[in-house]
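Have a look at the structure below before the remarks.
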Amino acid sequence: MAWPAQLTLAVALAEAADRAAPFPGVGLLPARPIRLLLAPDRARFDSLTRGRLPRWSEGAAFPEAGTVVLLAVGPPDHLAASLRHELAHLALRWRVGRRLPLWFEEGYAAVAAAEWDRLDALRLNWQVARGAPLDLDEVDRGLRSDGPDAATAYALATTAVLLLARWGGPQGLGPLIDRLARAPSLDAALRATYQVTEGDFAERWQRDVRSRYGWLSWAGAVGLFWAVTGSLLVWLVVLRRRRDRARRALLDEGWTVPSDEGPTA
């Protein structure tokens, strides 16, 4: 469903949803109808989602209603990635049958949509680099916020789901999601799949984040930034000197230097 000016785009996205590749640990979307709504601007997006989402949000999924709402602005590849993200929410909820912690749902959707650029938010994050305590409940609050903390929260949620996928080995998230469909809670599913409690997982996840995005990663990212900045400054200085030499040469044309024959009045 779309406004007339975006009907062609709506058809293309609907066809992309029909051809959606399997989702990690879930597989293909089940043969259920999905309603896709395209909002041409922020005002109509907020109206369709009843203003319940942060201002940075560009997509929403309503699994119970089988509905996806997209803010249809930006390049087509961006919209395709947003669609994949929201379809991942439907796939996960339909497979598990209930809500999961927000960090897991958003981290799963980011992994399913291969949104690896989200991890860039951690490479220059001073709080993560200095080893500040990490908390998954705090990540949930960050995901609901309307401020800059949301980008960091998304990145942290993605790292948590990636860690669980690595623990699954070749099967990735499959064993855990199978357990989630039967277990009464995430804690029970973690115990049955990886023999760890939810608290144990949170501690191991913190250590994993610190090992990947600690001092060395931060210093490397900052060093690269300053190396690029320094190279650019050197290039600008060299360019400026070349221009100055050329200007002086033009000014010197036609001038002769007087001989030293004593002072003149």
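Taking the conditions exactly as written (under 21 Å from the mean Cα position of the chain (by Cα) and either under 22 Å from V161 (Cα atoms) or free of Cβ contacts under 8 Å to residues at least 24 places away in the same chain (or both)), does L102 satisfy them or not? Before you say what the answer is, go through the steps one by one.
Working: under 21 Å from the mean Cα position of the chain (by Cα): yes; either under 22 Å from V161 (Cα atoms) or free of Cβ contacts under 8 Å to residues at least 24 places away in the same chain (or both): yes.
In short, yes.
Specify which of the listed residues (L92, L102) is closer than 16 Å to A157 by Cα, surrounded by fewer than 22 Cβ atoms within 10 Å (Cβ to Cβ), outside the structural domain of L163 (by TED's automatic domain parsing) and in contact with an Asp or Glu (Cβ under 7 Å, 6 or more places away or on another chain). Steps first, answer last, please.
On the way: L92 fails: surrounded by fewer than 22 Cβ atoms within 10 Å (Cβ to Cβ).
Exactly one of L92, L102 is closer than 16 Å to A157 by Cα, surrounded by fewer than 22 Cβ atoms within 10 Å (Cβ to Cβ), outside the structural domain of L163 (by TED's automatic domain parsing) and in contact with an Asp or Glu (Cβ under 7 Å, 6 or more places away or on another chain), namely L102.
Please determine, by comparing only the residues of region 69-89 that are outside any helix (DSSP H, G or I) and either among the polar types (S, T, N, Q) or surrounded by fewer than 18 Cβ atoms within 10 Å (Cβ to Cβ) (or both), which one is modelled with the highest pLDDT. Looking at residues that are outside any helix (DSSP H, G or I) and either among the polar types (S, T, N, Q) or surrounded by fewer than 18 Cβ atoms within 10 Å (Cβ to Cβ) (or both), I get V73.
Residues that are part of a helix (DSSP H, G or I) and hydroxyl-bearing (S, T, Y) within region 132-178 comprise T152, Y154, T158, T159, listed in sequence order.
Among the listed residues A60, A31, A20, A43, identify the single one that is assigned to a loop (DSSP other than H, G, I, E, B) and free of Cβ contacts under 8 Å to residues at least 40 places away in the same chain.
Values: A60 fails: assigned to a loop (DSSP other than H, G, I, E, B); A20 fails: free of Cβ contacts under 8 Å to residues at least 40 places away in the same chain; A43 fails: assigned to a loop (DSSP other than H, G, I, E, B).
Sole residue among the options that is assigned to a loop (DSSP other than H, G, I, E, B) and free of Cβ contacts under 8 Å to residues at least 40 places away in the same chain: A31.
Please verify whether D178 is modelled with pLDDT of 90 or more and either closer than 30 Å to R98 by Cβ or loosely packed, with under 10 Cβ neighbours inside 10 Å (or both), treating the condition exactly as stated.
Numbers: modelled with pLDDT of 90 or more: yes; either closer than 30 Å to R98 by Cβ or loosely packed, with under 10 Cβ neighbours inside 10 Å (or both): yes.
Yes; evaluated as a whole, the condition is true for this residue.
Note on region 165-192: residues that are in contact (Cβ under 8 Å) with a residue 24 or more places away in the chain and more than 16 Å from G27 (Cα to Cα) total 2.
Just one of the listed residues (L48, L37) is at pLDDT below 95, surrounded by 12 or more Cβ atoms within 10 Å (Cβ to Cβ) and over 20 Å from the mean Cα position of the chain (by Cα), and it is L48.
The values are calculated or read from the model by the stated rules, or taken from the named source; none is laboratory data. None of these values were measured; they are calculated from a predicted model. Quick reminder, even Gly has a Cβ in these numbers, built from the backbone with ideal geometry, and neighbours come from all protein chains shown.
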